[in-house]
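> Take a look at this one; I'll ask things after.
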Amino acid sequence: MQRTLGTCYYPEHWPEDIWQQDAARMVAAGLTWVRIGEFSWSRIEPTPGDLQWDWLDRAIDTLVSAGLKVVLGTPTATPPRWMVDRHPDMFALDQDGKPRGFGSRRHYCFSHQGYRKEARRIVTLMAERYGPGDRIAAWQTDNEYGCHDTTVSYSDAARAAFVRWLETRYGGDIGALNAAWGNVFWSMDYNRFEQIALPNLTVTEPNPAHVQAFRRFSSDQVVSFNRDQVEILRAHSDAPIAHNYMGRVTDFDHYKVGEDLEIASWDSYPLGFLEDRVGASPEKQRRYARQGDPDFQAFHHDLYRAVGRGRWWVMEQQPGPVNWAPYNPAPLPGMVRFWTWEAFAHGAEAVCYFRWRQAPFAQEQLHAGMLRPDSAEAPAIVEARQVAEELANAGDVAPSQAPVALVFDYDAEWAWQVQPHGQGLTYFDLVLEHYRALRRAGLSVDIVAPTQSDFSGYALILAPGLMHLTDSLRQALAKAEGQVLYGPRTGARDADFKIPTSPLPPALDGLEVVVAAVESMRPDMPLLLANVDGAVNGYLETLETAAEVLVETAAGQPVAVAATNQVYCAGWLNGDGLDHLVATLCARAGLGICKMPEGVRRRQTATEEFWFNHLAEPVDTEVGTLPPAGVFRRLRKS
C-alpha cells in the first residue's frame, strides 16, 4: 500500500487567478490529494434550479491539470438559505424542542423527506456531471455526520419516521412492543403505534427501552441518508467513496455506514480533542497541551481501520491551532510530521491537512492552514514537505493482524448513555481505558466490530462492557482460542433492555458466573486490590462463581475470575489495576509485553516498527533517546 498526502481546498473562497498557483504549490509540497466541494451548494445553485457548474468545472480542471487527484464532496451538509424557505420545517429539533436553525452548518433533520429528496437531487446532478471519466478520483458523502450533536432530532418528521420504524421492528404488533419494553410499569402501555411519542419532555426519565430504540432508529436514519447518496454515486462513477467521521462522535453506528463505502476517513484534531473530548485531567492537559493525548488519536486510527475494513484515511489533519476548543495552543514543532507518521503507522492510506489556506473570514478565521491568509507558508507545509520527502524513500507498507483484538460496539455506547448507573460512567471511556493499558504494555491492537465472527490468530480478545451480547458474538468468543476478557456489565441486558432472568447474566459459555448485585461508587471511594497496586473505581459487581480468582479486592471480593481461556472482570479498574490485569492476561496467553515509558507508544506492522514520544522532553527508550515529538521508525526483520 502506497502512503500519500493531501489537503482540503475551497476554490470558491479565493480569486480564480490564484487557483493555478495554489495547485502548483500543492504539488511542489508533495501533495497528491485535494478535497473540494463539500460546502459549496450555494455557489453551485445560488437560487432554486439556477445551476452554476462552470466555476467548479474550471477548479477541477485546474487541479487535475496540475497533477492532483480530486476528492469531490457532496454538498449536503450545508443546505443553502433558499432551501429553508422551501422547507421551513427541515431543521432538527433539540431535546427541548428548539430548532437547530440556519446560520452555520448541518442544519437538517435526517428524517425530513423533503430535504432527503433535495439531497438526492443535488447528488444526482453532481454525479451525472462528474461521475463519468476519471476527473474525480474519489468521493466524500456529506461532511462529518453527527458533528455538533446533529444525529438525534426530536422533530415531527423524526417522530413519524420512528413510529414507522417501530411498526416494522415489532411486526405491527403493539402488544409485542409493550411486552418487550415492559410498559406495564407505570401504566405506559400503548394501544396503537401512533400513540408513541419521542422520549423527551417527559416528567422524569423515559423508559430506557424506549430511549435505546430511538437511538437505534436515529442511527439507522444516518445509514439510510448516506446509502441514498452512495447508490446515486455508484450509478455514475467507479471511483471509491468515503465519509469523514469525527473523534468521539458515537451517535450512529459507523460500521453500518461503512458497509456502504470503500474508505473510512476521519478528522483528526489532537489538540482540540484534548481539551474538548478526551476527558483528560488538568495535569494531563497541561503535559500534552501541544502534542495531544498519547492514545486518543491512535484509538480512532484503529477504530476507523475497522470501519473501513482495512481502507482508511485521515481526511482532515490538524495543521496548527484550531478555533473551536476551550483553548487553542500551537503544536510543538514537529507535531504535524509526528501525527502524520502516527497515522501511517496505523495503516492510513492518505493524510490530508485541513486546510490549504487559513480563511480570513467567517467562523474558522482562527483555524490555521498550511498557508497563512496572506499565502505565506505556515509551519505545517514545511513539515508536510519533510514527510513527503521521507515517504519517497520509505516504500510501501504491508498491513498485518495485531496480536490483540478489542471489540467496540456503538449499541453498547448508547446503552451506557441511557443507563450509566453512576455519574460519569461511559462505555467509550471504559473501552478507551482498556486500549490505553494495552498500549502501555507496548502492544498493537486491532479494534473489531461486534459482528466479528472469527477471532483466529488473536492471542488476546477484550470485550468489556457489552451490555447486550448478541448470540453470534457470544458464540464467536466462545470458539476463540486466545484469552477472552468480558465485563463489567457484559450481557446485562437483552436486545430490548431487559435484565435476563433465565439464567442471570452474564451466563457466558465456558465460564459459570452469576452477577448477584451491582453497585456504583463515589469516585473518591476506590476499593484497593489485594497484593498489587490498583483499585476498583466507580463500578463493581458482586459475583457468585467457583471460577479461579485472578484479581480480588483487599477485602477478598473477586474482581476478575477465569475458567480455561474465558475471563470475567466485574469492576471498573483504574490504570494500575488494568495494567496488572493486562499483564496477567498476556502471561496466560503467552504474549510478551514491553512496558512503555510515560508518553511513549509503540506500533508494529508486518514490515515496520514505530516508537513515538508524545512528551515535550526527550525520553530514553530501548531503541535510544527519543527527542520531543520524536518518531523512531525501523524495518522489522522478516
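The values are calculated or read from the model by the stated rules, or taken from the named source; none is laboratory data. Note that the structure is predicted; figures quoted are calculated from it, not measured. No Cβ is skipped: glycine too gets one built from the backbone with ideal geometry, and neighbour counts run over all protein chains shown. These area figures cover heavy atoms from the full protein model, side chains too; ligands, DNA and RNA do not enter into them. Shrake-Rupley method; radii C 1.70, N 1.55, O 1.52, S 1.80 Å.
> Taking every pair of distinct Cα atoms and averaging 1/r, then inverting, what Kirkwood hydrodynamic radius in Å comes out for the chain?
Mean inverse Cα-Cα distance, inverted, gives 26.0 Å.
> Along the positive direction of the dipole of the chain (beta-carbon charges: Lys, Arg +1; Asp, Glu -1; about the Cα centre), which of ILE44, ILE499, ALA180 reaches farthest?
Comparing the listed Cα positions along the dipole, ILE44 ranks first.
> Of all GluC sites (Glu not before Pro) in the stretch 573-611, which ones are in loop regions per DSSP and have a Cβ with at most 15 other Cβ atoms within 10 Å?
GLU598
> For LYS98, go through the aspartates and glutamates and keep the ones whose alpha-carbon is under 17 Å away, minus same-chain ones fewer than eight residues off.
LYS98 reaches ASP89, ASP149, ASP156.
> Under a 5 Å amide H to amide H cut-off, with H placed in plane at 1.01 Å, what residues pair with VAL518 once short-range neighbours are removed?
It is THR542, by chain and number.
> Can I ask one more? Please list 3J(HN,Hα) in residue order for the stretch 68-77, calculated via the Karplus relation 6.51 cos²θ - 1.76 cosθ + 1.60 where θ = phi - 60°; whole Hz, with x for glycine and proline.
The phi angles translate into 8, 9, 9, 9, 9, x, 6, x, 6, 6 Hz.
> Give the Rg (one decimal place) followed by the Dmax (whole number) of the stretch 23-101, computed from C-alpha coordinates and expressed in Å.
17.0, 51
> Between TRP53 and THR202, what is 0.36 nm times their sequence separation minus the Cα-Cα distance? Round to one decimal in nm.
48.8 nm
> Would you list which lysines come within 28 Å of LYS256, measuring only between C-alpha atoms, while excluding same-chain residues fewer than 8 positions from it?
Result set, ordered by chain and number: LYS69, LYS117, LYS479, LYS498.
> Quick check: convex hull of the Cα atoms in the stretch 2-144, volume per residue, rounded to a whole Å³?
It is 130 Å³ per residue.
> In whole Hz, with x marking every Gly and Pro, tabulate ³J(HN,Hα) for the stretch 387-402 from phi via Karplus 6.51 cos²θ - 1.76 cosθ + 1.60, θ = phi - 60°.
Values per residue, Gly and Pro as x: 4, 4, 5, 5, 5, 4, 10, 8, x, 7, 10, 10, x, 8, 6, 6 Hz.
> Answer rounded, prolate or oblate for the stretch 377-443, using the Cα gyration tensor with square roots of eigenvalues a ≥ b ≥ c: rounded when a/c is under 1.5, else prolate when a/b is larger than b/c, else oblate.
Because a/c hits 1.5 or more and a/b exceeds b/c, the stretch 377-443 counts as prolate.
> Per-residue HN-Hα couplings for the stretch 480-493, Karplus 6.51 cos²θ - 1.76 cosθ + 1.60 at θ = phi - 60°, whole Hz, x for Gly and Pro?
4, 8, x, 5, 10, 10, 10, x, x, 6, 5, x, 7, 9
> Next question, about the same structure. How much of the DSSP beta bridge set in the chain is antiparallel, as a percent to the nearest 5?
Given both bridge residues lie in the chain, the antiparallel proportion sits at roughly 45 percent.
> Sequence neighbours fewer than 8 away in the same chain don't count; with that in mind, list the aspartates and glutamates whose C-alpha is under 17 Å from LYS595.
Within the straight-line limit of under 17 Å, LYS595 reaches these aspartates and glutamates: ASP295, GLU433, ASP533, ASP576, ASP579, GLU609, ASP620, GLU622.
> Please state the shape class of the stretch 300-370: rounded when a/c is under 1.5, otherwise prolate if a/b exceeds b/c and oblate if not, all from the C-alpha gyration tensor.
Here the stretch 300-370 falls in the prolate category.
> Which of rounded, prolate or oblate describes the stretch 328-419 when judged by the alpha-carbon gyration tensor and an a/c cut-off of 1.5?
Here the stretch 328-419 falls in the oblate category.
> Report the net charge of residues surrounding THR564, where surrounding means a beta-carbon distance below 13 angstrom and charges are Lys +1, Arg +1, Asp -1, Glu -1.
Cβ neighbours under 13 Å give a net charge of -2.
> Defining a contact as two alpha carbons under 8 Å apart and six or more residues distant in sequence, what relative contact order in percent does the stretch 310-433 show?
Relative contact order for the stretch 310-433 comes out at 21 percent.
> Can you give me the Kirkwood hydrodynamic radius for the stretch 574-638, using every pair of distinct Cα atoms, in Å to one decimal?
Result for the stretch 574-638, one decimal place: 13.2 Å.
> Keeping all protein chains in place, calculate the accessible area per residue for the stretch 413-491 (probe 1.4 angstrom), answer in Å².
Accessible area per residue: 30 Å².
> Summing -39500 (n - 2.57) over the DSSP H runs of n ≥ 4 in the chain and dividing by its residue number, what mean residue ellipticity at 222 nm do you reach, to the nearest 500 deg cm²/dmol?
My calculation for the chain gives -9500 deg cm²/dmol from helical runs alone.
> Right, next: For PHE185 and SER281, FRET efficiency with R0 = 41 Å and r from the beta-carbon atoms, rounded to 0.05?
So the FRET efficiency works out to roughly 0.55.
> Tell me the carbon and sulfur percent of the accessible area for the chain, rounded to whole percent, probe radius 1.4 Å.
It is 50 percent, rounded to a whole number.
> Continuing with the same structure: If amide hydrogens are placed 1.01 Å from N in the peptide plane, which non-local residues have theirs closer than 5 Å to the one on ARG35?
The list, which skips near neighbours in sequence, is THR7, CYS8, TYR9, VAL71.
> Using R₀ = 35 Å, calculate the FRET efficiency as 1/(1 + (r/R₀)^6) where r is the Cβ-Cβ separation of ILE593 and GLN423; round to 0.05.
Calculated value: 0.60.
> Tell me the relative contact order for the chain as a rounded percent, counting alpha carbon contacts under 8 Å between residues six or more apart.
11 percent
> Remind me, relative contact order of the stretch 251-323 in percent, using alpha carbon pairs under 8 angstrom and six or more residues apart?
For the stretch 251-323, the relative contact order is 51 percent.
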